[in-house]
1. Express the relative contact order of the chain as a whole percentage, based on alpha carbon pairs under 8 Å and six or more residues apart in sequence.
2. Could you work out the Kirkwood radius for the chain, taking every pair of different alpha carbons, averaging 1/r and inverting it, reported in Å?
3. Along the stretch 143-149, what does the Karplus equation 6.51 cos²θ - 1.76 cosθ + 1.60 (θ = phi - 60°) give for ³J(HN,Hα), rounded to whole Hz, x for Gly and Pro?
4. Could you list which residues have their amide H under 5 Å from that of ALA158, counting only those 5 or more apart in sequence or on another chain, with H placed in the peptide plane?
5. Out of the stretch 17-86, which GluC sites (Glu not before Pro) are coil in DSSP terms and have no more than 15 other C-beta atoms within 10 Å?
6. Between PHE182 and residues 5 or more places away or on another chain, which pairs have amide H atoms under 5 Å apart, with H built 1.01 Å from N, and which residues are they?
7. Would you mind calculating the gained length between CYS153 and ASN127 on full extension (0.36 nm times residue separation, minus the Cα-Cα distance), in nm to one decimal?
8. Report the full-extension gain for the segment ALA59 to ASP143: residue separation times 0.36 nm, less the Cα-Cα distance, to one decimal in nm.
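The values are calculated or read from the model by the stated rules, or taken from the named source; none is laboratory data. These figures come from a predicted structure and were not determined experimentally. Here the Cβ is made from the backbone with ideal geometry for all residues, glycine too, and neighbour counts use every protein chain on show. Ligands, DNA and RNA are stripped out before the accessible areas are found, and what is left, the full protein with its side chains, is counted by its heavy atoms. Shrake-Rupley method; radii C 1.70, N 1.55, O 1.52, S 1.80 Å.
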Amino acid sequence: MPTIKNVCVFCGSNHGLDPAFKQQTVALGQYLAAHHHPVVYGGGKEGLMGTIAESTLAAGGEVIGIIPTFLQEMGLAKMDVTRLIQTSTMDERKDEMLRQADAFIVLPGGFGTFEEFTTMLSWSQLNVHQKPIALFNINHYFDDLVAMMQKSCDEGFAPQANMDLFLAADNIPAMFAGFAAFKHQLPYKYTN
């Protein structure tokens, strides 16, 4: 697989109730900075989005924020990142994130975070990209989502092999070990 440089982080614009979510986001930002992985993220200043940007920058790393103009006009953008890219729409934002990133890490978040994850996963399934995707499963946050993905395979809506298009890990070294071992298999979308 190609070398991973830029890592896109999808995460919530809130911190969530479990303090571990913020603690592990800080640890991830420090890890990415220490290992010279520029962070690509949604450009926001609130919640875990703000935390991943701040912790990466504080540790000497680079941060590329990508935000639609309407969210910036609402005052939600973090302006002191290494580079801030404006897009016209949310869809253009995802396209730019895909273009900028070599791998994806999904932190706890809400509906928007789930949508970003499933977009990148479905694009991988359709061979739009061949990049690794990891769910950072802090305190089992994504257990139910992984179970739902498995149910879609069990019920014949996706082939079992497509579960290998992403990984779920509860610690940072395991995610990067998974990235190192990742081999994109040209998926066969239909089960029969």
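1. Averaging sequence separation for qualifying contacts and normalising by length gives 21 percent for the chain.
2. 16.7 Å
3. 4, 5, 5, 4, 4, 5, 4
4. CYS153
5. Listed in order of number, the matching sites are GLU46.
6. none
7. 7.5 nm
8. 27.2 nm
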